[in-house]
Every structure is written in structure tokens, then in C-alpha cells.
Amino acid sequence: MNCFSQNEKYPICEGCEGVSAVSLKQCFKDKVTKSIVSKIKLPENVKKDSIEETINIVFFVDDGGKFELLYVNSPYKSLKTEVERVFKELPEVIPATYNNHNIEMQFVLPIQIPLSNNFEKEEIIPEYPIEKAVVVLKVDSLNLLEHKSELNLPYTHQNYASLDYFFNQGANSHTSVKPYLYSEMYVVK
């Protein structure tokens, strides 16, 4: 029996519907950046100062697919107000999912000013095929109910140290943000 890690999927913007899960992150970033940059009208004081800087926009996509602005790091209050206006106009997207459940996902999006500098460089993310699934643990003598459950495996050094060898055989996709489930980690024969 094989076992796979839990599945997290980025939000899906219009135009990214048919994109593979590996390329979805870049597609989402590109579409959101393009949408925001195309709608921003730089305030006169920002144009007048001829600034060249990067502002970071912190936002999240809620579990319903709506964009929520959290923070804009800019010394220009007028620019912050303009970014708030743009975020109110963004269309809803298909929300991010984790184990097929809608989740809220937070992002930090750097926007360069002047706005024309945002699309000069393009990052290419290689796609790596999955060659084989890794059998994590075979539990022959233990028949514990928790090993068949949908409970999260507690994030303790003892639990995860015993699984470390198996994590490092595959893509090592483990993070403390996404705890594994017992049913995914223990294969009962």
C-alpha cells in the first residue's frame, strides 16, 4: 500500500483553470500581479517624486475566494488608498484548498514602481515528474485505532524524528504548517 503527503492547492484565477498544480503558483502570481498593476493609477505625488521602489502588499484570499488586503508598506498614504481601491475591485477566485477543503491563504506580493518594471523578468519553474510513491511506515505488530484515523499526527520531535528518514527519500514536502494525518503516515497490513 502506498501513501502520499497531504495536498495543498493554490487559488485559481481566471485563465489558470487548466494549469497543472505545479505551475498554478506561478500562474496565480502572474495573473494577480497583472490585474493589480493594470488597475493601479499612480497618485500625482508619487508620479511627481519619480520614486523607484518596491512596495510589498500583504493580502489573503479567504475560503470563499475573496481578496482581503492586510497591509501595504509604502510611505505614501495616497498609494495605500489606491491599492485598497484596486483590491475592492478584484474578482473572486476559486479559493485555495488543503485536503480538498477550502482554506484561507496569505500572500506577499512585491510591486515595483515604476509599474512598467513588474514584467521584465520571468521565472521558469521546472516540473518534476513523480517517479514513485514512498511507503512511509509498515506497521505489522501494532494495530492502533489512531493509525487508521483522520487525526493529525502531533507535531513533536519524537513523532517526526522517527519519520525523518522517510521524508527525505521523496520530495521532502513536510512543513510544520501542514501536519500529516495518522492514516497517511501509517500503512497497516
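What follows draws every value from the coordinates through simple rules; no lab data is involved. Since this is a predicted model, take the numbers as computed values, not measurements. Cβ sites come from the backbone with ideal geometry, for glycine too, and all protein chains shown count toward neighbours.
What the table below lists for this structure:
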{"item": "Around residue 45: net Lys/Arg minus Asp/Glu count, Cβ-Cβ under 13 Å", "result": "+2"}
{"item": "Long pairs among 31/66; 47/88; 25/77, criterion Cα-Cα beyond 21 Å", "result": "47/88; 25/77"}
